[in-house]
1. Springs between alpha-carbon atoms under 10 Å, Gaussian network over chain B: tell me which of B:Leu147, B:Leu83, B:Leu115 tops the mean-square fluctuations.
2. Over chain B, with a Gaussian network built from C-alpha contacts below 10 Å, which listed residue (B:Leu159, B:Leu179, B:Leu101) shows the highest mean-square fluctuation?
3. Report, by chain and number, residues whose modeled amide H sits under 5 Å from the one on A:Ile534, excluding near sequence neighbours (fewer than 5 apart, same chain).
4. Run through the DSSP bridge list for chain A and note the antiparallel percent, rounded to the nearest 5.
5. For a protection proxy built on the mean count of beta-carbon atoms within 10 angstrom, sort A:200-209, A:167-176 highest first, please.
6. Taking a ≥ b ≥ c as the square roots of the eigenvalues of the Cα gyration tensor of the protein assembly as shown, is the shape rounded (a/c under 1.5), prolate (a/b larger than b/c) or oblate?
7. Relative to the longest principal Cα axis of chain A, at what angle does helix A:104-118 sit, 0 to 90 degrees, rounded to 10?
8. In whole angstrom, how far apart do the alpha carbon centroids of region A:339-379 and region B:172-214 sit?
Amino acid sequence: MTTLRLIWRNRLAAFGGIVLCAVVVVALLAPLLPLPDPDLTAPAERLKPPFSAGALLGTDHLGRDLLSRLIWGTRLSLAVGIAAAVIAAAIGSTIGIIAGFRGGRIDNLLMRGIDMLMAFPYILLALAIVAVLGPGLVNALYAVAAVNVPFFARNIRGVTVGLAHREFVDAARLSGKSGARLVFTEILPNVLPVIVIAMSTTIGWMILETAGLSFLGLGSQPPQADLGSMLGEGRKLLITAPHASIVPGVMIFLIVMSVNLLGDGVRDALDPRLRSGALSRPAAATEVRRKAATPAAGAGAGPLLAVEGLETEFQVGARVYRAVGGVDLAIAPGECLGLIGESGSGKSVTALSLLRLVASPPGVITAGAVRIGGEDTLAMKPEALRRIRGARVSYIFQDPLGTLHPLLRVGDQLVEAIRAHAPVPRRAAWARAVAMLERVQIPNAAARARSYPHELSGGMRQRVGIALALVNDPELVIADEPTTALDVTVQAGILAILDGLRRERGLSLLFITHDFGVVSQLCDRVAVMYAGRIVETGPTAEVLAAPRHPYTRRLIACVPEIGAGRRRLEAIPGLPPPVDALPEGCAFAPRCDKAAERCRTGQIALEGSGDRAVRCLFPEEVPA
Amino acid sequence: MLGYTIRRLLALVPVLLGLTVIVFAIMAMIPGDPATAILGSYATPENVARLNRELGLDRPLVEQYFIWLGNLAHGDLGRSYSLNRPVLDEVLERFSATLVLAGAALVLCTVFGLLIGIWTAARQYGLVDRVLTFVVLVGISIPSFWLGLLLILLFAVRLRWLPASGMQAIYGGGGLGDLAAHLVLPATTLAVVATGVIARLTRSAMLEVLRQDFIRTARAKGLGEGRVLYGHAFRAALVAIIPVIGVQAGFVLGGAVYIETVFQWPGVGGMLVTAISTRDVLLVQGGVLVVAASYVLFNLLADLAQTWLDPRVQT
Ligand code: SF4
C-alpha cells in the first residue's frame, strides 16, 4: 500500500514537473515564437472567441491576440515571482543567519522585529508597502518579497542555531577563523539546501501574490501585462467575453498547481518516515491474513485463554520481521502465567496480538488462533472484538504517561471505559470510577478523579492504569511490563495491589516481564520466550528450581536473589538475533555454550512431559 | 486560566504599540507632501505651509507619532480627504462588512477543513483519501480571485441562482436571507484556500496522533472507532490545529481584499485598494491598523482556546 502511494505521489509530482518545465520553456522562447505583437491593438478584431482563425485563444477588448499576451504575460509573471523569491530568500536568509549565528541581543532584536511583521495579515502588509511605494510591477515585487522575508528569516535562523554549536563549527572557530569566514565556509554551504527547499515551496505563493496585486491594479500597469493584470482587464468583460478572464486564470492555476505538486513530491521523497510506513494510520484491529486454515477448536470447555500457533509479522516494504513465530499458551480461570524474555523477544507483540492491538500496518497476524472462552478473536467481526476488549479481557500497559489520554481527566477515562460496555448513567459511572480508584489505593480518590494524567506521579498513574483495566470486572488481565517504567520504590506497591485484586476477584493474569524476581512473586506458571518462540514452560517453582533450557538457566542466574532481583538481563553475553534474520535451528545457538552442530539445523520442537516442556536438544539435567 | 488570560492580555500591549509604530512609519515614509496631495498641485506655498502646520507635519517625527497616538486613543484617526469624512467612521463601517464576510469564511474553512482532514486521515490511502487529497491540492493552488470570477460566471450569470455582487439587493434588500444569498459566493471563494490548508494540517496531525500509545489504550478499552477518532484522536490533534486556524484568520482577512474587489463587497479591503490608488494616506493607515489589530486579537483568542483545551500548557 505504501509503495502504491509513493508511486501515485511521484507520478503526480512528475506530472507537475513536466507541466512546469513546459510552461517555463514556452515562456523563455516567447521572443522566438511566431507570435503577433502582444500589445498590437486591432479594434476591428476585438473580442474574438477562442479557436477563431488567426487567434487560437481569441482576442481581448482591444483586439490584441490573447495567446501572445498569455505567453508574454506568463513570462513576466514567472520572472517577477522568481525575482521576488530570490530577494525574499536573500534578505530573509541573511537576517536568519545573522540572528542564529550571533545569538544573544542581536538575535532577540531581529526576531522581535520579524514577529512584529508577522502580526500583520499577509496580504495586508503587501498592500501597505505598495501604498508607500506606489502602484507598479516592480513595487509589487518588492512588497511580495518583503512579506515573505519573515518566513525565510525564521526557518533559516532555526537551522543556523542548530549548526552554530556543532563540533565542526567549534573546531573552525578554535582554529581562529573570523566570524564572516565561518559563515561563508561552514554555515552557508549547510544552510543552502534548506534555503532552496524553502524557495521551492514559496515560489508558487509569490507568483500568486504578485498576480493578485496586478489583478487589483496595483501591480503591472498598462500596456505592460502580466497574468494578474490580464485577469483584471478580463474581469471587466466577464459577462460578454468570459474567455478573457478564463484564459489567464487557467495559466496561473497551472503554474501554482504544478509548483505545489512538485514541492509535495520532493518533500515526501525526502521524508524517511513515509518510506518506512511509520506514518501509516494503525487500523482498529490488527490485520489477520492466515496462511493456513484455522486449527479446529478443541472440544469441551477448555482453558479461558488458548493461544495456538500464533505468528505475527511486521511487513515493512519488502522486509518481513517475524516478531512472533508460533506461540502456544493456555491460561486457566484464576491462573497467573508469567511470560518472560528480553526486550525484542516478542513477548509484548504476543500480548498485543491476543486482542489484535498490534499496529497494523505494518503488523499482520499470519497464523494461529486466539481462543477466549472458545471463541477465536482472530476471526471476529470488529464489533464482537470491541465488546471483548476492556470487558472480558483488558490490558495494563507499560508507560502510563503515554498510554493515558493526556487531555482527559482520569475519572472521565474510566467513565468512558465503563460506558463503552454498559448503559450506565454518567453519574453512576463516575461513582463507580471513583470507587475503583479507591480500590487501587489512590488517596483522596474523589478529588484525584478530576486530575489530568500529567498531574499524577508515576505510581499513581499506574494505579489509574490498573483501575482502568479492572473497572469492568474482566476475566483475564494482560499486564505488559506494568512496573518497568516505575521507580524501584513504587514497584512493590503496584505489584501488591495487582496481586491482591487478582486473588480477590479470581482473575486470570498474563504477566509480561523481563524479571524473574517478579515472576516468582506473582505467577503460578511461567513461559520463557526467546526470538519469538516459547523455549521453556512449567510451574514457576519447578522452573526456578531446575531450569532445563540453557537460556532459562542463564536468565535465573542473572537474578542475584529471587524476590529482590531487579537487574536487567544484560548479563547474558551477546544479543538476541534480529527477527528478520533468524538463524536456522535453535535461535539461541550463537549465545549458547552447549551449542553443537545439530543445534543449527532443522526445527527443534517444544517437548516435555506433564507440566513442563523445553525447546532444546541438550536440556539441562533435572537433579533427582 | 484567568491569570493566564490577564497575562496574555498584558502581553498584547507591546504588540499593539508595535503595530502603531509600523503603521505610523508607513505613513511617514510615503513620498510626497500630504498637504500638496490634499490641496492639489495648484496650491500656493503659503497654503501648503499653513496646512502642514495645521496637520502638525512640521514637527519632529517622534512628536508627530505621540500626537497621532494620543488622537488614536481618543478614537480620532483623522479625516479622509477623498471621502471628506472621519476615517474612523468609514473604516468601522467597512470593517463590519469585512467581518461578516471573513467570519463566514472562517467558519466554513474551519468546519470543512477539519472534516476533510479527519475523513482523509481515517481512510488513509483509500479512495476517499486520494480523491479528497487531490481536491485539496487543487483548492490551495487555485487563485481565489479567479475562482470568484468562475463562480460568478456559473452561479450568477449562467444559472442565475445567486447574486454576483454587493452585500444587499439594491431594491427591497436588507433582510437576513438577502444577506445570506449575497454572502454564499464570496464567503465560499474566500474559504477555499484556507480550507485546503487546514485540511492538510488536520490530516497529518491526526495521523501523528493515531500512532500514539493512548490511542491503543482507547481501543483496548473497547471504544468504538468513532469514539477513538473523534473523542480521542481529534481531541488531541486539535491542540496542534488551533494555532494554524489562527494563522489562517490572517490569510482570510488579507484575502478578503481580492474577494471584496471581485464581488464588490463593501468591505475594508476594497476600500484600501481605492484608497491606495487615490493616495488617501490616512484612510490606508486607519484601514491597515484596524485589520491588523483584529488579527492580533483573533490570534489571542486562538491562543486562549488552545490553552483551554490543553491543561498541560497552563501554569
Ligand atoms: S538446542 Fe542447542 S543451541 Fe539451542 S539451547 Fe539447546 S543446546 Fe543450546
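Derivation of every value follows stated rules applied to the coordinates shown; laboratory data play no part. Computed from a predicted structure; not experimentally measured. Don't worry about glycine lacking a Cβ; one is built from the backbone with ideal geometry, like all the others, and counts go over all protein chains shown.
1. B:Leu83
2. Among B:Leu159, B:Leu179, B:Leu101, the largest GNM mean-square fluctuation belongs to B:Leu159.
3. Excluding prolines and chain starts, which carry no amide H, the hits are A:Asp328.
4. Close to 60 percent.
5. Numbers: A:200-209: 23.4, A:167-176: 11.3.
Descending packing order for the listed peptides: A:200-209, A:167-176.
6. Prolate shape, in that a/c is at least 1.5 and a/b is the bigger ratio.
7. That helix lies at roughly 70 degrees to the long axis.
8. Measuring centre to centre over Cα atoms gives 42 Å.
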